[in-house]
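Asks: Could you have a look at this structure, given as structure tokens, before my questions?
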């Protein structure tokens with residue numbers, strides 16, 4: 001019996017190839033979105049952890065007045081690895097006529113802990129300087145530029161060889177002075193008086209959780225110093241500083257992830273609803289030939305599982321291919337050279353979203369079928385006249401009749417239409433949020449410290465593009481499903497005298513009208529979302545700038561363009577079927 | 001005067017699973033204005049195929065279809081749709097009402113197609129439904145109507161634009177005897193108003209109401225019988241309106 005039920009499930013999928021392909025495509029898009037969102041989120045939220053790991057970060061970073069004290073800290077019990085003591089000098093850096101304080105760290109090949117991770121340009125060599133990336137970007141200094149370094153006792157004209165990041169250095173300009181690396185030889189030329197050098201020692205501990213007690217022990221072991229001469233920084237405080245820096249990024253990426261997941265959920269819900277209405281008829285037919293509701297439930301559960309698993313695997317592959325490219329901008333905000341590998345656990349998460357929704361759709365149909373007679377179940381999936389007389393009257397009064405005809409069809413499938421409108425509205429709102437973020441960043445003076453890294457905007461627009469693609473794909477799939485369900489009706493309309501172009505204009509026009517309504521909702525929704533995001537990110541909303549009106553007006557216009565492009569082809573394809581064949585269509 | 005509808009050596013071949021199936025094998029047919037013609041024959045003889053080709057719903061493999069002096073078998077889908085609006089009314093066995101429109105809206109549809117204003121279309125649709133005895137059900141969805149009521153709405157839709165010819169494919173095939181009698185009465189009324197009717201049926205009692213009966217067999221015209229003269233006295237079948 002089980003084999004027969006499995007055979008029946010697969011025969012069902014084979015007999016409805018287009019529906020099966022669409023189901024897999026939409027569910028795969030949803031699964032891909034989930035994988036993508038998880039990957040992008042993980043690179044956006046946890047860059048410090050990976051930077052720390054790649055840089056072999058210091059569990060404790062000590063700043064002390066002398067080399068001897070630095071060496072002594074490296075020899076304390078509990079230390080498993082230490083870098084060579086690094087000299088540090090506070091200097092002035094002149095670039096393009098502008099002076100800026102800079103902390104120069106002497107770096108050499110023996111640096112094994114808290115290693116600077118290059119992000120651009122070449123490695124450090126005598127006579128040159130490598131700037132911490134946020135410092136270089138804030139000052140607009142590019143690789144190859146020349147800077148003058150001076151300490152009052154000496155100076156050096158040095159070419160900028162490249163940029164690098166370390167997990168211990170919070171982002172400039174929030175944390176001043178900026179950091180740069182030179183060789184010890186160059187450092188000696190900038191500050192020939194070695195008594196003015198300070199030293200740092202980076203150590204890794206056997207028990208990283210004991211970093212705080214270790215720092216206290218190290219401070220006690222050192223000779224008494226003037227306040228401020230000794231500073232011990234644990235890995236926890238480094239992380240807190242970095243997370244404080246990335247708070248704005250985290251809030252925005254998290255919010256975008258949630259919105260992507262929301263759209264993914266809407267997409268799968270639309271699909272499940274469409275399948276459910278299709279399944280009613282099949283359930284009725286199976287009941288008619290003697291299957292019990294339990295057996296029918298099993299058939300659809302097998303079908304949902306097969307489709308869901310296929311979609312999850314496909315979506316995971318899609319997400320795994322796209323994630324490194326899309327997550328790169330996010331990773332760039334803190335990490336040096338990210339190597340983003342798709343996490344296999346994400347396929348489980350994707351399954352957890354896609355499969356239950358598909359199962360729920362199928363089981364709801366089966367549950368309903370137990371209340372129906374076989375004949376009622378066969379009829380249950382068909383559409384009827386929309387219930388709301390007011391909505392019908394408005395549609396009839398306000399739209400040309402081909403569009404009114406299409407809108408009536410949309411009203412007849414109210415749940416699907418609402419979900420589609422929600423997906424369009426969320427996408428539009430996210431674009432409004434991005435435009436407003438862009439406007440806010442543009443309105444700030446270049447020298448003002450910002451909570452948002454430059455790359456954030458690139459990441460946000462990348463996520464916008466992903467969301468737009470998914471919504472457009474959903475739109476195509478929904479229209480394909482709708483026109484497929486209505487092929488027989490289109491045959492009737494053509495038999496009555498409706499031309500193919502009138503049918504196309506009805507489908508396209510009605511979806512465009514729906515999208516226009518959704519995009520009008522999207523604008524205030526997006527503005528509200530942006531203000532909430534801005535407030536959560538730490539700033540008051542007083543200096544938040546909303547995107548200009550012409551930019552907001554482009555949302556409905558852009559929506560219309562996308563909707564017309566996405567719906568025209570499926571609608572046109574539906575009218576290509578010969579009238580007699582359409583009338584026979586089941 | 002030229003016949004309203006003419007088929008010349010009409011043939012249609014289907015491909016099913018790689019095998020060719022002959023639907024029609026060269027049918028010649030002429031229907032004069034105001035005539036009521038019934039097409040009969042066993043299942044699979046090509047009745048519905050012939051009707052679809054005559055209405056321009058399908059394309060013949062060979063042969064010609066002429067409607068009111070115009071050859072239509074090579075017309076585009078758009079041109080055919082425009083032609084059907086004014087010249088052809090079609091009634092299906094399974095009614096084929098648009099499920100998302102009410103009964104009245106289904107009848108209004110052809111009127112709107114020819115450019116009538118909504119208000120005027122609505123008024124005419126109500127009048128038609130009233131004439132067919134289902135005015136009180138004008139706001140009902142097709143799914144809420146009985147088979148007989150749906151077929152009357154379908155007939156109202158087919159007659160709305162007063163087309164030159166009404167083609168009907170087994171219009172009583174899905175109805176009980178009472179509803180079938182009522183629908184046939186409506187067809188006779190239409191014929192009495194001078195409209196041309198071409199009706200496919202496998203029911204001899206339905207065919208007996210026609211002026212002429214054409215019998216198809218294996219995709220060819222096997223027989224043709226004039227009933228008009230015979231029916232003068234006594235009638236072959238006395239149809240009664242429902243009480």
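Asks: Counting DSSP beta bridges in chain B, what percent are antiparallel, to the nearest 5?
Replies: So the antiparallel bridges in chain B amount to around 60 percent.
Asks: First check a/c for the stretch B:58-146, with a ≥ b ≥ c the square roots of the eigenvalues of its C-alpha gyration tensor; if it is under 1.5, answer rounded, and if not, answer prolate when a/b is larger than b/c or oblate otherwise.
Replies: prolate
Asks: Apply the a/c threshold of 1.5 to the C-alpha gyration tensor of the protein assembly as shown and tell me whether it is rounded, prolate or oblate.
Replies: Judged from the Cα gyration tensor, the protein assembly as shown comes out prolate (a/c at least 1.5, a/b above b/c).
Asks: Right, here's the next one. Where in the stretch B:152-170 is the amide nitrogen less than 16 Å from a point lying 7 Å along the Cα-to-Cβ axis of residue B:178?
Replies: B:152
Asks: Let me ask another. So what's the angle, to the nearest 10 degrees on a 0 to 90 scale, between helix B:77-87 and the longest Cα principal axis of chain B?
Replies: So the inclination is approximately 60 degrees.
Asks: Could you list B:14, A:461, A:172, A:530 so that the one with the fewest beta carbons within 10 Å of its beta carbon is first and the one with the most is last?
Replies: B:14, A:461, A:172, A:530
Asks: Among bridges DSSP assigns within the stretch B:146-230, what percent are antiparallel (round to 5)?
Replies: 55 percent
Asks: Most exposed first by the Cβ proxy, i.e. fewest other Cβ within 10 Å, how do A:171, A:416 rank?
Replies: So the ranking, lowest neighbour count to highest, is A:416, A:171.
Asks: Quick one: go through the stretch A:176-216 and flag any residue whose amide nitrogen is under 17 Å from the point 7 Å out along the Cα-to-Cβ line of residue A:76.
Replies: Flagged as within label range: A:199-216.
Asks: In whole angstrom, how far apart do the alpha carbon centroids of the stretch B:46-123 and the stretch A:106-153 sit?
Replies: The stretch B:46-123 and the stretch A:106-153 have Cα centres spaced 79 Å from each other.
Asks: At 7 Å along the Cα-to-beta-carbon direction for both residue A:285 and residue A:345, put a label point, then send me their distance in nm to one decimal.
Replies: Spacing of the two 7 Å Cα→Cβ label points: 4.4 nm.
Asks: Right, something else. Using a 10 Å cut-off on Cβ to Cβ distances, tally the other chain neighbours for every residue of B:94-107 and report the average as a whole number.
Replies: 6
Asks: Something else about it: Suppose each label sits 7 Å from its Cα in the direction of the beta carbon; what would the residue A:360-residue B:126 distance come out to in nanometres?
Replies: Between residue A:360 and residue B:126, the label points sit 4.5 nm apart.
Asks: Assuming R0 = 60 Å, what is the FRET efficiency of residue A:387 and residue A:236, from their Cβ-Cβ distance, to the nearest 0.05?
Replies: That gives a FRET efficiency of 0.50.
Asks: Moving on to the next point. Using only the alpha carbons of chain B, what is the convex hull's orientation-averaged projected area in square nanometres?
Replies: In nm², the orientation-averaged hull projection of chain B is 13.9.
Asks: With labels modelled as points extended 7 Å from the Cα through the Cβ direction, what inter-label distance (nm, one decimal) is found for residue A:305 paired with residue A:194?
Replies: Distance between the two pseudo-spin positions: 7.3 nm.
Asks: May I pose another question? Can you put A:1, B:75 in order of Cβ neighbours within 10 angstrom, beginning with the fewest?
Replies: Listed from fewest to most nearby Cβ atoms, that is A:1, B:75.
Asks: What is the helix-to-structure angle for B:103-113, meaning the angle in degrees between its Cα long axis and the longest Cα principal axis of chain B, kept from 0 to 90 and rounded to the nearest 10?
Replies: 60 degrees
Asks: Evaluate the Debye formula for the stretch B:104-224 with equal point scatterers sitting on the alpha carbons, no solvent, and hand back log10 of I(q)/I(0) at q = 0.14, 0.16, 0.18 Å⁻¹, in q order, two decimals.
Replies: Evaluating at q = 0.14, 0.16, 0.18 Å⁻¹ gives log10 I(q)/I(0) of -0.63, -0.79, -0.96.
Asks: From Cα pairs below 8 angstrom and at least 6 apart in sequence, can you work out the relative contact order of the stretch A:143-202, rounded to a whole percent?
Replies: 36 percent
Asks: Mind checking the full-extension length gain between residue B:9 and residue B:222? Use 0.36 nm per residue of separation minus the Cα-Cα distance, one decimal, nm.
Replies: This chain segment gains 75.3 nm when fully extended.
Asks: To the nearest 0.05, how large is the calculated FRET efficiency for residue A:258 and residue A:442 if R₀ is 22 Å and r is the Cβ-Cβ distance?
Replies: Result of the calculation: an efficiency of 0.25.
Asks: Does the stretch A:118-214 classify as rounded, prolate or oblate by the C-alpha gyration tensor (a ≥ b ≥ c root eigenvalues; a/c under 1.5 gives rounded; else a/b over b/c gives prolate, otherwise oblate)?
Replies: Oblate.
Asks: Ok, one more. What's the center-to-center distance, using Cα atoms, between the stretch A:500-552 and the stretch A:47-102 in Å?
Replies: First find each Cα centre; the distance between them is then 48 Å.
Asks: How high is the relative contact order of the stretch B:105-162? Use alpha-carbon pairs under 8 Å, at least six apart in sequence, and give a whole percent.
Replies: 50 percent
Asks: Please give the FRET efficiency for residue B:143 paired with residue A:418, using the beta carbon to beta carbon distance and R0 = 25 Å, rounded to the nearest 0.05.
Replies: 0.70
Asks: Treating the angle as unsigned and between 0 and 90°, give the value, to the nearest 10°, between the Cα long axis of helix B:147-159 and the longest Cα principal axis of chain B.
Replies: 80 degrees
Asks: Please report the antiparallel percentage of the DSSP beta bridges confined to the protein assembly as shown, to the nearest 5.
Replies: Here the share of antiparallel DSSP bridges comes out near 70 percent.
Asks: So what is the relative contact order of chain B, in percent, for Cα pairs below 8 Å that sit 6 or more residues apart?
Replies: With pairs under 8 Å counted, the relative contact order is 27 percent.
Since every read-out is calculated from the coordinates, none of them should be taken as a lab result. All figures in this text were calculated on a predicted structure; none of them were measured in a lab. We place every Cβ from the backbone using ideal geometry, glycine too, and count neighbours over all the protein chains shown.
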